[in-house]
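Encoded as C-alpha cells, the structure appears first; notes follow it.
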Amino acid sequence: MGQRIVVYPQSPQKRKIKQVAEILKEGGVAIFPTDSVYAMGVAFSRKDAIEKLCELKRIEPAKATFSIICSNFSQLSEYVAPMDKATFRLLKKHLPGPFTFILPASAKIPRTFLNRRHTIGIRIPNDPVPIAIVEELGEPLITTSLYDEEDDIKGYMTDPMEIFDRYGKIVDIIVDAGPRGTTPTTVVDLTGNEPVVVRQGAGELLL
C-alpha cells in the first residue's frame, strides 16, 4: 500500500517534499498536483520506473505520450533542441503555466522514450508542489495525467481521497495538496512554422 502525505499547496513542507523525492530516486511512482490536474510521475533517470509507469497506463513505451516537468528554463533547455528567439519568447510568455509545449527533443532524451518525430512535451507548472519536487529531485519528472480512460464519468480525478482510494495500492506515494480542477493543460505543437494548439485546455495561448 502506498502512502498519502498532505502538504500545504502554496508552501509545501520541505521534509515532506524530500520524502517524495527519496521515493522517486529509488524508482517509485508518485501522484501529485499540478496547476491543471493531478498527475502521475517518476524520476527522469529511472528507466525501470518509466517502464512501471507504462504498465500502469497500459501502453507501450514507444507509444507513450508522456511529458517532462522541469522546474525552470535553464533545466528545460537541457532537454529540448536549440530553439529560435521567437519560440523562446513564446515559452517565456506562457510558462510557468498550464501548458504542455511539444518541441524537438535534445540528445538527453533516451531514444527508447522518443516517438517517431523525436519530440517531447515540456511543462513548467505554475504550482509550488511539483516545482519543489523537481528541485529536490535534481532532475525532471516524467509525467502523465490521471485521466481515467475506463471511466467516462470520472474523467480527470480531482479529489485526493478518491485518488488514494483508486491508486493507493499501485503507486508508492500520493501527495495531497487539496482538490484540483478537471481541465488539463493546453497542448501546443511548436515543431512547425506556426504554433498549433493540439488540445485546448486550461491555458489560453497568446500570440
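Count, please, the residues in the stretch 41-63 that happen to be touching a helix residue (DSSP H, G or I) at 6+ places or on another chain (Cβ under 6 Å) and touching a residue at least 40 places away in the same chain (Cβ under 8 Å).
Qualifying residue count, the stretch 41-63: 3.
Quick one: which of 103, 76, 91, 95 is more than 26 Å from residue 170 (Cβ to Cβ), modelled with pLDDT of 95 or more and touching a Gly at 6+ places or on another chain (Cβ under 9 Å)?
Of the residues listed, the single one that is more than 26 Å from residue 170 (Cβ to Cβ), modelled with pLDDT of 95 or more and touching a Gly at 6+ places or on another chain (Cβ under 9 Å) is 103.
Got at least one residue in the stretch 25-34 being assigned to a helix (DSSP H, G or I), touching a strand residue (DSSP E or B) at 6+ places or on another chain (Cβ under 7 Å) and modelled with pLDDT of 95 or more?
Yes, some residue in the stretch 25-34 is assigned to a helix (DSSP H, G or I), touching a strand residue (DSSP E or B) at 6+ places or on another chain (Cβ under 7 Å) and modelled with pLDDT of 95 or more.
Within the stretch 11-38, count every residue that is loosely packed, with under 15 Cβ neighbours inside 10 Å and more than 13 Å from residue 133 (Cα to Cα).
1
I'd like to know if the stretch 106-124 contains one or more residues that are over 16 Å from the mean Cα position of the chain (by Cα), at pLDDT 90 or above, within 28 Å of residue 12 (Cβ to Cβ) and of a type outside the set (Asp, Glu).
no
Looking only at residues that are part of a loop (DSSP other than H, G, I, E, B) and in contact with a Phe, Trp or Tyr (Cβ under 7 Å, 6 or more places away or on another chain) in the stretch 159-182, which one is nearest to residue 21 (Cα to Cα)?
In this case the residue turns out to be 180.
The values are calculated or read from the model by the stated rules, or taken from the named source; none is laboratory data. As the structure is a prediction and not an experimental result, all values here were calculated from the model. Positions of Cβ are generated from backbone atoms using ideal geometry, with glycine treated the same way; all protein chains shown enter the neighbour counts.
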